Amino acid sequence: MSRLSVYLPPFAADYSGICSALFEFNSLVAINDAHCCTMNYTEYDEPRWSSTQKTTLCTKLRSIGAVFGNDEQVVDKVCAAASDLQPDFVAVLGSPVPAIVGMDMEGVACEIESRSNTTCFGFPSTGFSTYEKGVAAAALKLVEHYALDCPASDARGVNVLGLTPLDFSPEEGRALSCLVEQAGWHVGASLFLGIDPQHLCNIGAAAVNLVVSASGLPLAHYLRKRFGTPFVVACPLGMRHGSHVLQLLDQAVAEGTCRYDAIDDTAHDVASADAGADADALLIVWDAVMANSLRVALVLAGEKRPIDIATFFSADAKAETDDNGEGLHDCHRLSSEKDFIQLVLGKRYAAVVGDPLLQRVPSLGGRGFFSLPHPAVSSRLLWKEVALCADESFDARIDDIVGSR
Amino acid sequence: MQLELQNDSLCYLAPIRKRPRRSVVVPESHTLHICPAACGRRFAISAIEKGTSDHVSFLFLGEEDVVTGRYEQDICDAVDELLLVLDPAPKGIFLHFKCIDDFLGTDDASLVERLQCRHPKTKFAVCRLDPVALDGKIMPGMLLRKQQYAFLERSDSHDRGINLVGTRVDCKPDKDLVELLEANGFGPIRDNTECDTYEEYRLMEKSCLNIVTHWMSLVAARDMEQRLGIPFCVYYPTFDAREVVCFLQGIAQALDMPCPDLSAAVRAVEDDYDATGKALQGMPVALDSTVTMQVFSLARTMLEHGYNVTHVFAARVPDVEAESYAWLRERHPEVAVGDASNYRGLFDERGTQKCLAVGYEGARVLRADHYVEVDLNDDYHGFSGIHQLLAEMRDALGAKAAWESIHVPGRTQGGAR
């Protein structure tokens with residue numbers, strides 16, 4: 001039963017991804033639901049909710065309105081709130097009930113925009129998909145709407161794509177900025193931690209895009225197509241690996257090519273071969289981009305064991321390889337708890353790296369485990385323990401794993 | 001049919017500030033949540049927080065299920081697998097559906113029958129938590145409470161045990177009620193939220209009377225009367241001493257026992273109302289439904305005692321409150337009635353208000369100088385419940401809320417937009 005989950009919680013939903021992406025804007029976000037979906041986001045997927053004024057509101061959808069397709073009621077409520085709150089833009093989001101009764105959220109958005117004279121985005125989110133698709137959808141809509149056609153005029157400008165508290169600490173934006181600025185770069189648009197709305201307009205001016213999680217990949221491809229901006233798919237993890245990522249940025253700009261995080265790992269391959277095919281391996285379960293970067297970071301730190309990577313999340317599988325076929329193709333795609341169990345049982349993994357809730361799966365018994373809380377998995381249970389990635393403290397985590405052999 | 005208030009505007013969901021510690025309402029049971037992944041997230045995370053995650057699992061519905069209807073077979077397969085994996089096997093399994101099932105039309109009876117045939121040693125029941133149906137005749141929560149007793153069966157004989165039906169988790173039974181029952185040889189008092197084993201829970205079948213401690217469990221009590229042959233009386237939370245007397249007299253009559261003279265207890269409550277009224281010195285009072293879901297009755301009682309009630313915050317007017325609501329609208333149209341979840345409250349730029357808010361929700365909206373923060377609503381039963389609330393109100397007058405330093409999620413610190 002592939003869709004049965006006994007040990008792991010359901011993960012953050014697509015609408016949470018959208019809300020998370022829009023959080024820092026002066027926006028009015030209306031989730032078209034009875035109230036549970038809004039509560040899922042505010043209570044379980046938004047660590048910033050209790051510290052900042054925000055307007056993610058609920059339409060209080062009811063059966064009669066859903067059955068009779070009373071879109072007008074939603075439009076009226078949102079227009080009234082838009083008039084009161086004067087946001088820069090409005091977003092209306094779907095949830096499971098609108099999805100199954102076929103409410104046209106984009107149509108509703110058009111109606112709101114026309115009546116309120118406020119830009120309105122409609123998102124056909126369903127609650128059936130996971131957060132990274134929502135983050136990606138929000139990023140694309142905003143950039144399609146706001147980005148101005150401009151030449152790549154900022155030779156040391158880097159946009160950061162795929163940065164939300166569903167993958168990272170809310171403080172990660174600052175940590176990343178510090179890292180890139182030390183190397184003479186500066187962050188243009190940081191989507192979506194530390195975003196300055198004005199930077200969205202000039203997002204095409206940056207020399208390169210840094211994709212730090214899978215949710216940033218669709219936008220990176222869009223920007224590549226529209227502005228020709230090369231991108232680097234890598235999440236800086238600690239200072240050692242951070243330096244390596246900065247080199248990738250330089251290479252991408254110099255060559256005008258897109259780069260996925262990788263190193264010349266001949267030494268690692270040889271060491272793994274020496275250890276034999278049955279050597280105990282490491283398994284990293286995380287966001288695909290972050291897991292891939294962690295693998296690179298471990299090898300950079302001297303890890304000799306074979307390392308597999310796996311993820312439950314994929315914003316767009318097609319976007320995860322570049323034109324040369326390089327990318328994240330060796331990342332195991334897990335569509336269910338059962339996939340994870342089968343993966344773990346199918347190979348001699350010495351240790352697993354991932355969200356602590358993975359340890360609830362009995363098949364992990366007897367294996368080493370290294371915790372990397374992933375908010376899209378463990379929610380508020382571990383918000384305070386989410387690691388700062390672009391920070392020297394992450395080097396110690398890497399050393400712990402390498403030293404565990 | 002309940003009336004929803006201010007359903008014409010977007011709403012803001014204030015975080016739940018306090019949570020019950022336990023949530024397994026039937027011991028040794030398991031709940032299979034059948035829903036889109038998104039709908040299950042909060043149940044999973046809160047179950048981990050409460051230490052009850054071994055009692056829940058999830059079957060994720062996909063968009064394709066809406067079209068194919070295959071999920072009913074998937075449910076049967078999932079239950080087969082669950083019963084292989086769970087050790088010890090649960091005595092009962094709740095199939096817990098969410099909002100979208102209202103539109104899928106699952107055949108509950110047929111599903112339970114199929115599962116019962118496949119697993120005769122396990123009991124099955126269907127539950128729904130579908131807030132999208134809040135516009136329906138019966139509130140979703142009432143049906144959910146009814147299903148807490150779904151695994152009970154009709155007993156051939158009854159003892160002198162008394163069931164409390166509708167008690168919140170971790171809520172102690174009212175002492176006036178307990179004393180009355182014990183003085184007349186009735187007991188034990190049985191409450192599913194206090195049971196440690198399935199067998200203990202099943203003993204509720206033996207009880208001779210159900211006492212309904214919350215109107216949300218009235219549907220449950222009626223079902224148990226019809227299905228199990230156990231009659232019921234009500235003992236709702238109330239702030240009117242005369243009503244407490246009526247409730248106790250009703251219970252005494254149902255159990256064919258004498259009811260003691262309660263006039264002294266009534267006088268003590270009236271004295272307490274007077275003393276609290278003097279302490280308030282005419283200060284405006286705001287009430288909200290986190291204190292009691294019968295907040296209009298509370299407002300009426302306080303107004304009848306001369307209190308200056310200025311605001312009542314509630315999302316809806318349930319049937320049980322219709323009379324008090326009508327009375328309030330007719331006799332005191334000056335009292336502002338609204339839903340605290342209305343987004344406008346978040347952006348109201350008024351400063352703090354010199355008033356006493358009973359309940360945090362009203363306090364948050366009004367930025368009340370004084371407020372009573374209630375742990376869990378509807379814990380106020382009997383005479384002691386009234387005394388407790390009045391004492392908390394007097395205590396709150398002695399402390400001024402520092403809203404400048406209180407975070408109100410969704411609102412900037414200090415309150416201004």
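Any read-out appearing in this document is the output of simple, stated calculations on the displayed coordinates, not a laboratory observation. Note that the coordinates shown come from a computational prediction; the quantities given were computed from them, not determined experimentally. With ideal geometry, Cβ positions are generated from the backbone for all residues, glycine too; neighbour counts draw on all protein chains shown.
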Which of A:Ala189, A:Gly107, A:Leu248, positive extreme of dipole for chain A (C-beta unit charges)
A:Gly107
Could you tell me what % of all Cα pairs in the stretch B:174-293 have separations over 25 Å?
36
Just tell me which lysines come within less than 28 Å, Cα to Cα, of A:Lys225; anything on the same chain fewer than 8 places away is out.
A:Lys133, A:Lys141, A:Lys318
Where a ≥ b ≥ c are root eigenvalues of the Cα gyration tensor, a/c under 1.5 meaning rounded, otherwise prolate if a/b exceeds b/c and oblate otherwise, the stretch B:287-327 counts as oblate
Per-residue HN-Hα couplings for the stretch B:97-106 [Karplus 6.51, -1.76, 1.60; θ = phi - 60°; Hz; x = Gly/Pro]
9, 10, 3, 5, 5, 4, 9, 8, x, 4
Add -39500 (n - 2.57) for each DSSP H run of 4 or more in chain A, then divide by its residues: what number comes out at 222 nm, to the nearest 500 deg cm²/dmol?
-11500 deg cm²/dmol
With the dipole of the protein assembly as shown defined by +1 on each Lys or Arg Cβ and -1 on each Asp or Glu Cβ, the option from A:Leu328, B:Cys355, A:Ile309 whose Cα lies farthest towards the positive pole is B:Cys355
Taking Cα centroids, how far is the stretch B:107-157 from the stretch A:28-90 in Å?
31
Here, trypsin sites (Lys or Arg not before Pro) of the stretch B:51-132 satisfying both criteria (DSSP loop; at most 16 other Cβ within 10 Å) are B:Arg70, B:Lys121
Would you mind getting me the FRET efficiency between A:Ala155 and A:Asp399? Use the beta-carbon distance for r and R0 = 35 Å, nearest 0.05.
0.50
What does the charge dipole of the protein assembly as shown about its Cα centre add up to, to the nearest 20 debye, if the Cβ of each Lys and Arg holds +1 and the Cβ of each Asp and Glu holds -1?
600
For B:Leu287, distant residues with modelled amide H under 5 Å away:
B:His311, B:Val312, B:Phe313, B:Val358
Skipping prolines and chain starts, which residues have an amide H placed within reach, meaning under 5 Å, of the one on A:Phe89, given they are 5 or more residues away or on another chain?
A:Leu28
Scan the stretch A:1-67 for trypsin sites (Lys or Arg not before Pro) in coil per DSSP, keeping those whose Cβ has at most 16 other Cβ atoms within 10 Å, and list them by number.
A:Arg48
In debye, nearest 20, what is the charge dipole magnitude of chain B about its Cα centre with +1 on Lys and Arg Cβ and -1 on Asp and Glu Cβ, if you could check?
740
Near A:Lys338, which lysines are there with a Cα under 16 Å away, not counting those fewer than 8 places off in the same chain?
A:Lys347
Whole-Å semi-axes of the stretch B:105-262's equivalent ellipsoid, largest first, each the root of 5 times a Cα gyration tensor eigenvalue?
30, 19, 12
Here, GluC sites (Glu not before Pro) of the stretch A:322-387 satisfying both criteria (DSSP loop; at most 15 other Cβ within 10 Å) are A:Glu326
Note the angle between two axes, namely the Cα long axis of helix B:382-397 and the longest principal axis of the Cα atoms of chain B, as a number of degrees from 0 to 90, rounded to the nearest 10.
50
In whole angstrom, how far apart do the alpha carbon centroids of the stretch A:181-203 and the stretch A:360-405 sit?
28
Mind grabbing the base-10 log of I(q)/I(0) for the protein assembly as shown at q = 0.08, 0.10 Å⁻¹? Debye formula, identical points on the C-alpha positions, no solvent, two decimal places.
-0.77, -1.12
Bin all alpha-carbon pair distances of the stretch A:41-90 at 10 Å intervals from 0 and give each bin's fraction as a whole percent.
20, 39, 34, 7
Let me know the shape class of the stretch A:157-261, please: from the alpha-carbon gyration tensor, a ≥ b ≥ c as square roots of the eigenvalues, rounded when a/c is under 1.5, otherwise prolate if a/b is greater than b/c, or oblate.
rounded
Helix B:263-280 sits at what angle to the longest principal axis of chain B, using alpha carbons and giving 0 to 90 degrees rounded to 10?
60
So A:Cys110 and A:Gln247, fully extended at 0.36 nm per residue minus their Cα-Cα distance, gain in nm 44.9 nm
According to the square roots a ≥ b ≥ c of the eigenvalues of the Cα gyration tensor, what is the shape class of the stretch A:24-151, taking rounded for a/c under 1.5, prolate for a/b larger than b/c otherwise, and oblate for the remainder?
rounded
